[in-house]
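The values are calculated or read from the model by the stated rules, or taken from the named source; none is laboratory data. As the structure is a computational prediction, the values presented were derived from the model and not from experiment. All Cβ positions, glycine included, derive from the backbone under ideal geometry; neighbour counts span all protein chains shown.
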Amino acid sequence: MTILVTGSSGHLGEGLMRKLTAAGRSALGLDIVESAFTDCVGSVSDRAFVKRSMAQGVDAVVHAATLHKPHVGTHARQEFVDTNITGTLALLEEAVASGVKAFVFTSTTSAFGAALTPAPGQPAAWITEDIVPVPKNIYGVTKVAAENLCELFYRQQRLPVIVLRTSRFFPEMDDDAAVRENYELANAQANEMLYRRADLEDIVDAHLLAIDRATEIGFGRYIISATTPFSRDDLTELRRDAAAVVQRLFPESAILFASRGWKLFPSIDRVYANDRARAELGWRPKHDFRHVLDCLKRGADFRSALAQQIGSKGYHATTFDEAPYPVMQGP
């Protein structure tokens, strides 16, 4: 089986290419950016290019190429439509024409948009696949539209498709100035492992499982995020005093964080639940907040070896003074 990986020069794409080749599986990398992990250089929105790439004996597709949230402030809405919607459509149609057996689409928990933030005074939101997305920007709109295209191709063309809504796994600084000013990078990302982040290696593993399970499942949509230690019973207190909940569940956390000069977040507004992915995909993420604390005890980096090996790629050739990337305000 030859697996076409789009976005092969990015964080996830490189991780997929590394793991596939290490396992002796045939993989073909596609990206608009040249890299050691990209065999076909071009855009997914170029139908002729996609057709030529698919003709190289492709049996399965992992579509990770996308314009991301960091591009909202630097790219036109039409570019998001061209890449995230038109590009996905081209891949789906050419996959059907080529007899591809499985299609995995990398989506994002950002697709939930405004549904992630409860009103002031309300408990934190418990986010499952059943929550209806309310996209806040063109990135979210185009990812939801691409997801819907994937489902349409399963229903009308019987193409087995798995949609993975991944939470944060990028290594770069947060775009929120308050977070950057009050928490060092590793501290913020350690906190996020409680409710809205996953390690790159675990996300790669979820994609590999999705390739192998797609035919059996047919169509599925899954949240891919580190397993949270919280339950629905914690949601009210998480919004009011998240640190108290964490210290109740992990009494050693305060001392371990203090030893690094770290702080727990005072409030948490949403929790991603990965129960369905674990039950239906058989996904077993290795990296969670307990893993973070165990690494702190040993003085080790809590990121996987794969995440450390790939490192930070950034999203722009330009360096911005105020943030890791410009943030688009308003509609």
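Being in contact with a strand residue (DSSP E or B) (Cβ under 8 Å, 6 or more places away or on another chain), buried (at least 19 other Cβ atoms within 10 Å of the Cβ) and either assigned to a loop (DSSP other than H, G, I, E, B) or among the β-branched types (Val, Ile, Thr) (or both) is the filter here, so list the residues in the stretch 195-245 that pass it. Within the stretch 195-245, 195, 196, 198, 203, 211, 223, 224, 225, 226, 228, 230 qualify.
Taking the conditions exactly as written (in a strand (DSSP E or B), in contact with a strand residue (DSSP E or B) (Cβ under 9 Å, 6 or more places away or on another chain) and in contact (Cβ under 8 Å) with a residue 12 or more places away in the chain), does residue 163 satisfy them or not? It would help to see each step written out before you state the result.
Numbers: in a strand (DSSP E or B): yes; in contact with a strand residue (DSSP E or B) (Cβ under 9 Å, 6 or more places away or on another chain): yes; in contact (Cβ under 8 Å) with a residue 12 or more places away in the chain: yes.
Taking the combined requirement at face value, the residue satisfies it.
Inside the stretch 108-140, can you point out the residues that are in contact (Cβ under 8 Å) with a residue 24 or more places away in the chain and among the aliphatic types (A, V, I, L, M)? Once the filter is applied, which keeps residues that are in contact (Cβ under 8 Å) with a residue 24 or more places away in the chain and among the aliphatic types (A, V, I, L, M), the stretch 108-140 yields 111, 116, 124, 125, 127, 138. Of the helices (runs of 4 or more DSSP H) lying entirely inside the stretch 1-106, the ones with 3 or more residues being in contact with a strand residue (DSSP E or B) (Cβ under 6 Å, 6 or more places away or on another chain) and within 22 Å of residue 171 (Cβ to Cβ) are found at 11-22. Whether any residue in the stretch 32-41 is modelled with pLDDT of 95 or more and farther than 24 Å from residue 312 by Cα is what I want to check. No, the stretch 32-41 has no match at all.
Contact map, the stretch 182-207: first residue under 21 Å from residue 247 (Cα atoms), second residue at pLDDT 95 or above and part of a helix (DSSP H, G or I), Cβ cut-off under 7 Å, separation 6 or more or different chains; pairs are 190/292; 193/289; 193/292; 194/246; 194/289; 197/189.
Please go through the stretch 19-38 and give me each residue that is more than 18 Å from residue 107 (Cα to Cα) and either buried (at least 17 other Cβ atoms within 10 Å of the Cβ) or of a type in the set (S, T, N, Q) (or both), ordered by number. Selection gives 19, 20, 21, 26, 27, 28, 29, 32, 35, 37, 38.
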